[in-house]
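The values are calculated or read from the model by the stated rules, or taken from the named source; none is laboratory data. Worth saying up front: this structure is predicted, and the values here are computed from it rather than measured. Every residue, glycine as well, gets a Cβ built from its backbone with ideal geometry; the counts of neighbours run over all protein chains shown. Side chains included, ligands, DNA and RNA excluded: accessible areas come from the protein's heavy atoms. Shrake-Rupley method; radii C 1.70, N 1.55, O 1.52, S 1.80 Å.
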Amino acid sequence: MAKDTPCREPIRSLFISDVHLGSKHTQAKALLKLLNHYEPEQLYIVGDFIDGWKLKRRWRWNPTYDRIFHRLMDLRRCGTKIRYAPGNHDEFLRNFLADYGLIELEQEFVHEAADGRRYLVTHGDKFDKVEQSMPWLSLIGTYAYDVLLSTNYWLNWARGKKHNRYAFCNLIKRNIKGLVKHISDFESQLMEAAAEQDCFGIICGHIHSPRIMHLDNLAYLNTGDWVENCTALVEFEDGSFELNRADGRILATLKSRQPATELDESMAGVLIA
């Protein structure tokens, strides 16, 4: 008997970033489950989908990665527009920026939501002053953090914690990245870039901190990552957004344009603990 076709939820747009395929800590199976759940009209890959840094050091590829790419091809055949804005870990793709029909590769995109509001979509690494001025320090920090991730994973495995074995690392990294954001004024610079292009907000990744908030009447939406948090940004047919975790939890929302307040203040700025 043939298997039943899975029931997939139609949505307008799906935004994912920082999957880091090639890293031993990527949660690729969780991403594949999410991709199989949704049927988006548009899919934005907002950088660091492939971890070129890790693959250059040691080639690591498993069948789940292949299934992810097969799912992406299935989506494209069904009409999904796929747009890819490379990040610092997959910057090698920046040498091939073009519209290839199957996928569109650009440094950044301007996404027009269903309610007419415009969002600048970019990975965000070019607004990280540490990344731009001291890339060697960023590289050292990345490998040091890998050690921390491995240690945290096995300690929590030994303690029987299965829900989020990277929780402690997530807390530490948020504190470290918080310092980076303070130095580089990361969020403020992104908002300025969005305003310069007459956009209502910014959609980015890079710092692995999923968030929706308002800043100076502009919207800041960070998609999070697929190492610690397993989060994605979903746009619905009315132009509203949800920041969703792979387990189904809604972390934050941004309402569609309404005569009243546009941002759901009760959920704005929610961070994952």
message = How large is the accessible surface of Thr231 in square angstrom, using a 1.4 angstrom probe and rounding to the nearest 10?
response = 0 Å²
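Nearest 0.05, what FRET efficiency do Lys24 and Glu237 give at R0 = 45 Å with Cβ-Cβ as r? Walk me through the intermediate numbers first.
Details: r = 38 Å, r/R0 = 0.84.
Computed FRET efficiency for Lys24 and Glu237: 0.75.
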key: Hz values of 3J(HN,Hα) by residue in region 67-82 - Karplus curve (6.51, -1.76, 1.60), Gly and Pro given as x   = 5, 4, 5, 5, 5, 4, 5, 4, 4, 5, 5, 8, x, 5, 7, 10
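When you count, for each residue, the other Cβ atoms within 10 Å and take the mean per peptide, how do 243-253, 73-83 rank with the highest first?
Details: 243-253: 17.0, 73-83: 14.5.
Ranking the peptides 243-253, 73-83 by packing returns 243-253, 73-83.
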inquiry  = I need the calculated FRET efficiency for the pair Asp247 and Ala114, taking r as the beta carbon distance and R₀ as 25 Å, to the nearest 0.05.
reply    = 0.40
query = Can you list the residues, at least 5 places off or on another chain, whose amide H is less than 5 Å from the amide H of Val121, using H built in the peptide plane?
reply = Phe109, Val110, His111, Ile203
request  = Mind grabbing the base-10 log of I(q)/I(0) for region 7-63 at q = 0.25, 0.28 Å⁻¹? Debye formula, identical points on the C-alpha positions, no solvent, two decimal places.
outcome  = -1.00, -1.12
message = 5 Å is the cut-off here: which amide hydrogens, built 1.01 Å from N in the peptide plane, fall below it relative to Ser209, excluding neighbours closer than 5 in sequence?
response = Gly224
remark   = Volume per residue (Å³) of the convex hull spanned by the alpha carbons of region 1-109 is 106 Å³
ask   = Each label point is 7 Å from the Cα along the Cα-to-Cβ direction; what then is the distance between the points at Asp216 and Gln107, in nm?
value = 2.1 nm
key: Residue-by-residue Karplus 3J(HN,Hα) for region 205-213, coefficients 6.51, -1.76, 1.60, Hz, glycine and proline x   = x, 6, 9, 6, 10, x, 6, 10, 7
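May I ask you to compute the full-extension gain from Asp66 to Phe92, defined as 0.36 nm times their residue separation minus their alpha-carbon distance, rounded to one decimal in nm?
Values: separation 26, 0.36 × 26 = 9.36 nm, distance 2.00 nm.
Residue separation times 0.36 nm, minus the Cα-Cα distance, leaves 7.4 nm.
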Potential lengthening between Lys33 and Arg58 on full extension [0.36 nm per residue; Cα-Cα distance subtracted] = 6.4 nm
